[in-house]
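Chemist: Have a look at this one.
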Amino acid sequence: MAHVKHQKWWGWGEEGVFFDYENKPAFAPFVEKAIGVRLRPRERDTVDFDTARVPASRAPEDVLALLRGISGAENVSVDDELRIVHWAGKSVLELLQTLRNDFERVPDVVVYPGSEEELNRILEAAVAEDLVVIPFGGGSSISRSLQAERAEERCIVSVDLGRLNRVLEIDETSGLATIQAGVLGPDMEEQLNDRGWTLGHFPDSFAHSTLGGWAATRSSGMQSDKYGDIADIVRGLRMARPTGTVVLRPLPSTSTGPSLREMVLGSEGRLGIITELTVQVHRLPEEHEVIAYMFPTWQQALTAVRRYTEAEIPLTFARVSDAHETGFSLATQKAATSMKGRLAAKGQEALWAVMRRRGWDTDAMCLSYVCFEGTAKDVAERKKAVARIARAEGAVVLGPGPGALYDQKKFDTPHLRDFLLEQNTVGDVSETAAPWSRLTTVHKAAYDAAQRAYAQLGKIGWIMSHMSHSYHSGACLYFTFAYVFDEENPYEEYHVIKSAIQQSFVDSGATLSHHHGVGVEHQPWMEQDVSPEGVRLMKGLFEVADPGRHFNPGKIVS
Ligand SMILES: Cc1cc2nc3c(=O)[nH]c(=O)nc-3n(C[C@H](O)[C@H](O)[C@H](O)COP(=O)(O)OP(=O)(O)OC[C@H]3O[C@@H](n4cnc5c(N)ncnc54)[C@H](O)[C@@H]3O)c2cc1C
């Protein structure tokens, strides 16, 4: 479909953009030490679609005719590459399945509706013709919430929202924008920025995910400390159903029974298709600055961020990498080629020497970034307040140089996973949230669980973490794990490691996911997260909303 942008069928992002380590001299030695693999130069720029063995479409001709009648023949496709683009999200397991031709049930047809009315009719047809409908935003799901059930016999329709991509209206008095659900992050920000506004929602997947997808998965962006999670940002919405549209007007607050808005948020396509959202937007800030700090230890860094929160300093984000992740960040630094770069590298060496003289263990130090927005005066005052607390916790203020670099590179890391897969290495993530009082326990439990799982599999494995998204009562911890996978049996061993980390979360009082949703990947922990009675209630909701199991069945709870 020429008018809708899609990611690579085999990996993350657009064709022609990938991770390279050639200009990062410390990276290969770092990886070899961490997981015992000697990196080869990147060979894979693309993967020829001819190598894909795609199961044939099972869409009956009368269903295709019906869909063409609703959305127009040019917006209905059984093209193999489009069906593969829509068959899964971008979790590392799905990437691996795609590269290995381990396709399960691939959608039989992809439809690109152009209006809410078409969506009502598609959902009506799904019930009448016994079809399965899976809404598709940017396809960046990392919890396997786009894959159809393996044993599904019915015709599967992937409904791509990509044509619904416009900012419809801005109520400038209220700071509320009404926006179509299928808009991709950058396209939405461009339309808002042109009028002086921003949503402020920047997940790592920003470039390849949509507003509707964010709402359907309860997403959180890296600037959530200021702008809120998507659940705070969405004030009203419209959701198409086979029998009509649920309309929730944008209201600052309401006491009309249990929140339908909250019920739709995170529903992953199981209740209907979100067509439009009214969201809180903000004037573009006058200043936006990221400052870097180095802390002697993880504990001191966490305490500092908690104290910023207690002091109610309005920050856009505060992020801390643990010692392992700090080591990783330093290893991905580019070689200094310019005079400025060489001076910066020398400055860094001198700083490390000072820290060692002060008695720091440089293997334990933790890098932190804090983002400040507002008027020049606001930013100056907040920087001072943060520096005071950070220094009291032993930090050295590194300044805006590394902060600006972080800001420029923040969306690049996901490409690393494709590169690692080429090296027979899995690099994936698990994230959670917990009260401040439990964060260090959760952190240690995840490390221990990962190491036990690696030992069980006889592997050298890596784990690292950062803290981001802070709240008054706690924060999110985001873990990245990596290991060389067994070519014979990559899936089972992945589950051993991922499950160990997930189990450690719920066992230590944290949630199974802070912002990646549930999908299929996180389902086994739902009862432990929201209680068996909570799961029963949720199942009841889905059964009443969709008795024929037409709308993305099997996700969240099954
Ligand atoms: C590398 C990487 C980094 C990531 N970083 C973040 C991050 O920082 N923060 C974060 O929150 N998430 C992150 N994610 C996860 C993912 O980007 C989010 O879950 C995102 O919200 C999905 O949006 P999408 O438009 O791509 O939805 P999709 O992946 O297309 O769909 C996700 C789910 O929502 C449903 N859905 C999509 N659109 C609609 C709609 N209009 N109505 C009803 N249901 C719908 C789908 O059926 C599916 O169940 C990351 C993922 C990857 C791979």
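Chemist: Just to confirm a number: summing +1 for Lys and Arg and -1 for Asp and Glu over residues other than Thr297 whose beta-carbon lies under 10 angstrom from that of Thr297, what do you get?
Modeler: Details: positive: none; negative: Asp322, Asp361, Glu393.
Here the count lands on -3.
Chemist: Now, a different point. Measure off, as a whole percent, the carbon and sulfur share of the 1.4 Å-probe accessible area of the chain, all protein chains present. All intermediate terms of the calculation are to be shown ahead of the outcome.
Modeler: Details: 12050 of 23290 Å².
Summing carbon and sulfur atoms, their accessible area is 52 percent of the total for the chain.
Chemist: Points 7 angstrom from Cα along the Cβ direction at His3 and Asp62: gap in nanometres?
Modeler: 3.0
Chemist: Amide H neighbours of Arg235 under 5 Å, counting only residues 5+ apart in sequence or on other chains, H built in-plane at 1.01 Å?
Modeler: Those qualifying (amide H under 5 Å, at least 5 residues apart or on another chain) are Thr278, Val279, Gln280.
Chemist: Divide, for the range 415-526, the radius of gyration over alpha carbons by 2.2 N^0.38 Å, where N is the residue count.
Modeler: Details: Rg = 13.9 Å, N = 112, 2.2 N^0.38 = 13.2 Å.
The value comes to 1.05.
Chemist: Round to the nearest 0.05 the FRET efficiency obtained for Met339 and Thr256 when R0 = 41 Å and r is the Cβ-Cβ distance. Could the numbers behind the result be given before it?
Modeler: Working: r = 64 Å, r/R0 = 1.56.
Here the calculated transfer efficiency is 0.05.
Chemist: For the chain, state the semi-axes of the equivalent ellipsoid (square roots of 5 times the eigenvalues of the alpha-carbon gyration tensor), sorted largest first and rounded to whole angstrom. Before the final figure, lay out each step's value.
Modeler: Numbers: eigenvalues 298, 156, 102 Å².
Those come to 39, 28, 23 Å.
Chemist: Where does helix 400-409 land angle-wise versus the long Cα axis of the chain, in degrees 0 to 90, nearest 10?
Modeler: Result, in degrees: 30.
Chemist: Could you tell me how many degrees, from 0 to 90 and to the nearest 10, lie between the Cα long axis of helix 339-357 and the main elongation axis, the longest principal axis, of the Cα atoms of the chain?
Modeler: Here the helix axis deviates by roughly 70 degrees.
Chemist: Per-residue accessible area for Met339 at 1.4 Å probe radius, Å² rounded to 10?
Modeler: 130
Chemist: Leaving out same-chain residues fewer than 8 places away, which aspartates and glutamates sit with a Cα under 14 Å from that of Lys384?
Modeler: Lys384 reaches Glu289, Glu312, Glu373.
Chemist: Let me ask you something else. Given the rule -39500 (n - 2.57) for each run of at least 4 DSSP H residues, summed and divided by the residues of the chain, what is its mean residue ellipticity at 222 nm, to the nearest 500 deg cm²/dmol?
Modeler: -11000 deg cm²/dmol
Chemist: DSSP beta bridges in the range 52-160, what fraction antiparallel, as a percent rounded to 5? List each step's numbers first, then the result.
Modeler: Numbers: 2 of 10 bridges.
Expressed as a percentage, antiparallel bridges in the range 52-160 total about 20.
Chemist: Determine the per residue accessible area of the chain with all protein chains present and a 1.4 angstrom probe, expressed in square angstrom.
Modeler: Roughly 42 Å² per residue, with all protein chains present.
Chemist: Return the ratio Rg/(2.2 N^0.38 Å) for the range 61-214, where Rg is computed over Cα atoms only. Before the final figure, lay out each step's value.
Modeler: On the way: Rg = 16.7 Å, N = 154, 2.2 N^0.38 = 14.9 Å.
Ratio of Rg to 2.2 N^0.38 Å for the range 61-214: 1.12.
Chemist: Quick one: if the Förster radius is 35 Å, what FRET efficiency do Gln348 and Asp194 give, using the C-beta to C-beta distance and rounding to 0.05? Walk me through the intermediate numbers first.
Modeler: Values: r = 39 Å, r/R0 = 1.12.
That gives a FRET efficiency of 0.35.
Chemist: While we're here: Report the one residue of Thr275, Ala311, Ser219 whose Cα lies farthest in the direction of the positive end of the charge dipole of the range 171-312 (charges on C-beta: Lys and Arg +1, Asp and Glu -1; origin at the Cα centre).
Modeler: Projecting each Cα onto the dipole axis, the largest value belongs to Thr275.
Chemist: Angle check, please: helix 490-507 long axis (alpha carbons) against the longest principal axis of the chain (alpha carbons), in degrees 0 to 90, nearest 10.
Modeler: Helix 490-507 sits at roughly 70 degrees to that axis.
Chemist: Of Ser71, Ile122, Val247, which is farthest along the charge dipole of the chain in the positive direction, counting Lys and Arg as +1 and Asp and Glu as -1 at C-beta?
Modeler: Val247
Chemist: Any chance you could check the Cα centroid distance between the range 489-553 and the range 85-150 for me, in angstrom?
Modeler: The range 489-553 and the range 85-150 have Cα centres spaced 19 Å from each other.
Chemist: Report the charge-dipole magnitude of the range 383-466 in Debye, nearest 20, computed about the Cα centre from +1 at each Lys and Arg Cβ and -1 at each Asp and Glu Cβ. Intermediate results must be reported in sequence, preceding the final value.
Modeler: On the way: 11 positive and 8 negative charges, 102 e Å.
It works out to roughly 480 debye.
Chemist: Between their Cα atoms, which of Lys409/Lys459; Lys334/Lys444; Lys334/Lys410; Lys33/Lys409 are more than 19 Å away from each other? Show your work: numbers first, answer last.
Modeler: Numbers: Lys409/Lys459 31 Å; Lys334/Lys444 31 Å; Lys334/Lys410 15 Å; Lys33/Lys409 24 Å.
Beyond 19 Å: Lys409/Lys459; Lys334/Lys444; Lys33/Lys409.
The values are calculated or read from the model by the stated rules, or taken from the named source; none is laboratory data. For clarity, every value in this text was computed on a predicted model and none was experimentally measured. In this analysis, Cβ positions are derived from the backbone assuming ideal geometry, glycine residues included, and neighbour counts consider all displayed protein chains. Protein only, heavy atoms only, side chains kept; ligands, DNA and RNA dropped before computing areas. Shrake-Rupley method; radii C 1.70, N 1.55, O 1.52, S 1.80 Å.
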